[in-house]
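Written below as structure tokens is the structure these notes are about.
The values are calculated or read from the model by the stated rules, or taken from the named source; none is laboratory data. These numbers come from a predicted model, not from an experiment. As a convention, Cβ positions derive from the backbone with ideal geometry for all residues, glycine included, and neighbour counts pool all protein chains shown.
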Amino acid sequence: MPVQKTAKKSTVKKPAVQKSTIQKATIKKPVGKKKILVVVESPAKAKTIEKYLGKNFIVRASMGHLRDLPKSQFGIDVEHGFEPKYINIRGKGDLIRDLKKYADQSDRIFLASDPDREGEAIAWHLSHILGINPDTDCRIVFNEITKPAIQAAIKTPHPIDMSRVNAQQARRLLDRIVGYKLSPLLWKKIQKGLSAGRVQSVALKMICDREREIQAFNPEEYWTIDLQFKHGTLFQAELEKIDGEKLEIHDEKTAQKIVAEIEKSQFIVESVKIGTRKKKTPAPFTTSSMQQDAAHKLGFTSKRTMAVAQQLYEGLKLANETVGLITYMRTDSTRVSDLAQSEAKKFFLETFGEKYVPENFNIYASGKKAQDAHEAIRPTSILRTPESVEQFLTPEQFKLYRLIWQRFAASQMTPAIYNTVSVTITSRDKKFLAKSNGSKLEFDGFLRVYGDSKKEKDIVIPSLEIGDDLDLKKILPLQHFTEPPPRYNDASLVKLLEEKEIGRPSTYAPTIDTIINRGYVKREEKQFHPTELGFDVLDLLQQYFGEIVDVKFTANMESELDEIAEGKIETENVLREFYTPFEKQVEAASESIEDAKPQETDVICEKCGRHMIIKHGRFGNFLACPGYPECKNTKPIQKDTGHKCPKCGGSLVEKKMKKGKRRVFYGCSNYPECDYTTWNLPKRDED
């Protein structure tokens with residue numbers, strides 16, 4: 001969407017969302033006291049930090065946000081610059097009173113919420129609640145919870161960054177506009193209680209689009225032909241060309257014809273290329289790559305990964321000290337401090353020797369949209385090896401810490417080196433051409449500490465010379481079928497969201513969690529399956545609000561939020577450019593969408609005699625009595641398999657377990673009178 005830009009940062013007007021009733025002078029403190037209040041987000045972090053600071057410091061937690069838009073109303077004054085109406089969050093009254101009490105008893109207050117945009121916004125809300133001027137040096141940030149980092153932060157306070165606050169507020173207001181305006185349309189068209197979100201709707205579209213690709217997929221047959229030769233030892237090659245044309249075989253008859261021709265041929269070595277190949281060291285973790293690797297190697301969901309990472313960051317008790325084990329876990333940067341790299345270099349020199357340490361520090365390029373606000377995710381000290389802290393960690397804390405430690409260690413080491421050989425083999429009449437590639441690990445480099453889940457196996461090819469005759473031992477024609485694209489899992493969905501620039505590091509896990517909790521998607525065997533409800537919601541959004549679920553539109557919106565954070569454009573302009581056409585779309589959709597009518601079935605409610613209706617639920621459609629709330633009877637919709645129950649002659653229907661890998665089983669439709677169940681359908685006479 002077009003936005004108004006300014007030539008100089010200094011000419012940008014302060015957006016209306018900055019307005020507040022903040023006092024411009026700090027509140028008076030009792031004379032003679034030297035107490036300093038530090039407000040962080042979580043109690044675990046507060047406990048760790050308090051151990052690093054002197055007796056004059058009081059460290060307390062805000063428990064996240066203390067102010068937000070009201071749940072019961074829109075909360076945005078569109079006519080006056082989209083000014084938000086913030087209120088104290090219900091249930092946080094006692095906490096706010098306690099923080100104000102400590103503030104009154106302190107000579108100075110430092111706001112130490114997390115170092116991302118959301119943390120900056122939390123600090124701004126705290127400044128309002130505690131009566132602090134945000135333009136004063138009241139804000140401190142740190143990338144790791146270690147004693148040196150905390151002490152350095154205390155010495156370098158600065159004002160709250162209002163550009164970053166505005167970017168976070170703009171995101172919150174956009175999400176409120178979309179959710180508040182679209183949810184009533186979903187209630188009208190589909191059912192009560194549904195809600196829509198800006199980023200979540202795009203994630204839902206990605207999952208639904210992939211499911212429709214799978215449903216529309218038609219497998220195609222193709223064949224490959226491997227040739228097994230002997231030259232001292234056995235080795236294998238793959239047929240690549242016939243008469244100079246790339247091999248394409250689509251049926252068994254053609255494959256067998258080619259096999260018959262190969263049997264009559266003699267083969268020789270046409271070329272041999274010997275070389276080396278370096279396997280590059282991986283970059284240290286960003287939020288996205290950590291979630292992907294944890295999903296692949298540990299089987300963790302994105303939500304679980306971030307929860308465990310939070311614990312490692314906030315600090316755990318190790319013997320006689322409490323320390324944060326990793327740096328801040330919401331980052332899109334691969335940058336590492338010189339101090340951490342120097343410590344790693346010394347560690348590897350002493351542990352493995354010079355061959356494992358690069359001459360210069362490894363530097364990795366961050367993505368083009370990376371904010372680079374803080375470092376990559378790494379251990380706060382390479383000296384805390386996973387084995388040295390294992391006894392103090394839970395099993396899942398240890399697994400994730402080991403993964404982070406190994407990844408960072410690998411990023412600071414030398415590449416692995418493979419010896420390679422590539423052999424081209426032809427028939428004497430030049431009709432057939434095959435290739436064989438071999439490799440052998442010569443130097444393990446970073447693989448010494450970071451074993452790849454797709455570890456390469458040595459492929460040994462005997463010593464060959466150009467012109468050598470080869471003894472053909474076997475011809476192996478193999479039938480294959482093209483496969484549909486795989487469903488997304490946590491790793492692949494996070495990777496796609498990052499590639500398409502949808503959301504930020506802090507949004508990946510909650511985005512996935514939201515669409516699952518709303519019942520739009522379900523996770524089965526670690527893969528995401530859209531529900532019927534998810535398809536219905538997406539179809540409505542695509543019909544009336546195509547831009548909301550458009551990947552490019554949403555990515556562009558992220559770019560504009562970045563520009564707000566950099567002070568380049570005004571918040572109000574971005575909001576108005578979005579809101580004006582969006583409001584017209586909402587009005588048009590509201591007029592054309594008819595109230596959803598329940599789909600009546602011929603199933604009779606045995607409790608009240610009404611015809612039951614189909615309703616949407618988190619786990620799919622189900623039958624419900626239209627007499628609710630007088631009659632609360634519900635039933636699952638049973639899918640008839642066409643098989644008969646061997647116990648009573650009733651119909652066998654498909655059923656699903658709520659948990660477990662094997663969710664689908666079959667049971668008698670006459671349950672509970674008949675309790676027959678089976679994992680596998682019995683054979684019918686005609687089968």
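Within segment 54-82, restricting attention to residues that are among the aliphatic types (A, V, I, L, M) and over 24 Å from Arg97 (Cα atoms), which residue is surrounded by the most Cβ atoms within 10 Å (Cβ to Cβ)?
It comes out as Ile76.
Okay, residues lined up against (1) within 24 Å of the chain's Cα centre (by Cα); (2) closer than 30 Å to Ala509 by Cβ; (3) among the hydroxyl-bearing types (Ser, Thr, Tyr):
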position: Leu185; (1), (2), (3): no, yes, no
position: Leu194; (1), (2), (3): yes, yes, no
position: Ser201; (1), (2), (3): yes, yes, yes
position: Arg210; (1), (2), (3): yes, yes, no
position: Trp223; (1), (2), (3): no, no, no
position: Phe229; (1), (2), (3): no, no, no
position: Glu238; (1), (2), (3): no, no, no
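Yes or no, residue by residue, for (1) surrounded by 16 or more Cβ atoms within 10 Å (Cβ to Cβ); (2) of a type outside the set (A, V, I, L, M); (3) part of a loop (DSSP other than H, G, I, E, B):
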position	(1), (2), (3)
Phe408	yes, yes, no
Thr420	yes, yes, no
Glu442	no, yes, no
Ser463	no, yes, yes
His480	no, yes, no
Glu483	no, yes, yes
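Among the residues of segment 93-111, write down those that are over 16 Å from Ser42 (Cα atoms) and in contact (Cβ under 8 Å) with a residue 12 or more places away in the chain.
If the condition is that a residue be over 16 Å from Ser42 (Cα atoms) and in contact (Cβ under 8 Å) with a residue 12 or more places away in the chain, then Lys100, Tyr102, Ala103, Asp104, Gln105, Ser106, Asp107, Arg108, Ile109 are the ones that fit.
Can you give me the number of residues within segment 333-392 that are at pLDDT 90 or above, hydrophobic (A, V, I, L, M, F, W, C), buried (at least 16 other Cβ atoms within 10 Å of the Cβ) and under 31 Å from the mean Cα position of the chain (by Cα)?
Here the count works out to 7.
Only one of (1) assigned to a loop (DSSP other than H, G, I, E, B); (2) in contact with a helix residue (DSSP H, G or I) (Cβ under 9 Å, 6 or more places away or on another chain) fails for Phe347. Which number is that?
(1)
From the set of residues in segment 45-82 that are among the polar types (S, T, N, Q) and without any contact (Cβ under 8 Å) to a residue 60 or more places away in the chain, which is nearest to Phe578 (Cα to Cα)? Step through it out loud before you land on a result.
Kept after step one, since they are among the polar types (S, T, N, Q), are these residues of segment 45-82: 48, 56, 62, 72-73.
Keeping just the survivors that are without any contact (Cβ under 8 Å) to a residue 60 or more places away in the chain gives 56, 72-73.
Details: Asn56: 49, Ser72: 23, Gln73: 20 Å.
Step by step, filter segment 45-82, then rank; the result is Gln73.
Can you name the residue in segment 586-616 that is in a helix (DSSP H, G or I) and among the acidic types (Asp, Glu) and is also surrounded by the most Cβ atoms within 10 Å (Cβ to Cβ) among such residues?
Filtering segment 586-616 for residues in a helix (DSSP H, G or I) gives 586-592.
With the extra rule that they be among the acidic types (Asp, Glu), the set shrinks to 587, 591.
Values: Glu587: 11, Glu591: 7.
Among residues in segment 586-616 that are in a helix (DSSP H, G or I) and among the acidic types (Asp, Glu), the one surrounded by the most Cβ atoms within 10 Å (Cβ to Cβ) is Glu587.
Output the residues belonging to segment 400-451 that are free of Cβ contacts under 8 Å to residues at least 60 places away in the same chain, of a type in the set (Lys, Arg) and not assigned by TED's automatic domain parsing to the domain that holds Asp469. Explain how you work it out, then say what you get.
Initial filter on segment 400-451 (free of Cβ contacts under 8 Å to residues at least 60 places away in the same chain): 402, 405-406, 430, 437, 440-441, 444, 449, 451.
Keeping just the survivors that are of a type in the set (Lys, Arg) gives 402, 430, 440.
Within segment 400-451, just Arg402 meets the criteria.
Filtering segment 140-171 down to residues that are surrounded by fewer than 17 Cβ atoms within 10 Å (Cβ to Cβ) and basic (Lys, Arg), which residue is nearest to the chain's Cα centre (by Cα)?
Lys147
Which of the residues that make up segment 76-127 are part of a helix (DSSP H, G or I), in contact with a strand residue (DSSP E or B) (Cβ under 8 Å, 6 or more places away or on another chain) and aromatic (Phe, Trp, Tyr)?
Tyr102
Could you give every pair whose Cβ atoms fall below 6 Å, whose first residue belongs to segment 210-224 and is surrounded by 12 or more Cβ atoms within 10 Å (Cβ to Cβ), and whose second residue is in a helix (DSSP H, G or I), counting only separations of at least 6 or pairs across chains?
Taking only residues 6 or more apart or on different chains, the pairs are Trp223/Ala255.
Have a look at Gln310, Gln292 and point out the one that is touching a residue at least 24 places away in the same chain (Cβ under 8 Å) and surrounded by fewer than 19 Cβ atoms within 10 Å (Cβ to Cβ). Spell out how you get there, then give the answer.
Working: Gln292 fails: surrounded by fewer than 19 Cβ atoms within 10 Å (Cβ to Cβ).
Going through Gln310, Gln292 in turn, the sole match is Gln310.
I need a count of the residues in segment 83-127 that are crowded, with 20+ Cβ neighbours inside 10 Å, among the charged types (D, E, K, R) and touching a helix residue (DSSP H, G or I) at 6+ places or on another chain (Cβ under 7 Å).
3
Looking at (1) over 26 Å from the mean Cα position of the chain (by Cα); (2) more than 19 Å from Thr426 (Cα to Cα); (3) surrounded by fewer than 15 Cβ atoms within 10 Å (Cβ to Cβ), can you tell me which one Ser271 breaks?
(2)
If the Cβ limit is 9 Å and pairs must be 6+ apart or interchain, which residue in segment 596-616 that is farther than 16 Å from Lys639 by Cβ and at pLDDT 80 or above pairs with which residue that is outside any strand (DSSP E or B) and among the small types (Gly, Ala, Ser)?
Matching pairs, first to second residue: Cys605/Gly627; Lys607/Gly627; Cys608/Gly627; Arg610/Gly627.
Among the residues of segment 177-191, count how many are closer than 14 Å to Val574 by Cβ and in contact with a Leu (Cβ under 6 Å, 6 or more places away or on another chain).
Number satisfying all stated conditions: 0.
If you check every pair at least six apart or on different chains, which have Cβ atoms under 9 Å apart with a residue in segment 547-561 that is at positive phi first and a residue that is in a helix (DSSP H, G or I) and crowded, with 18+ Cβ neighbours inside 10 Å second?
Filtered contacts from segment 547-561: no entries.
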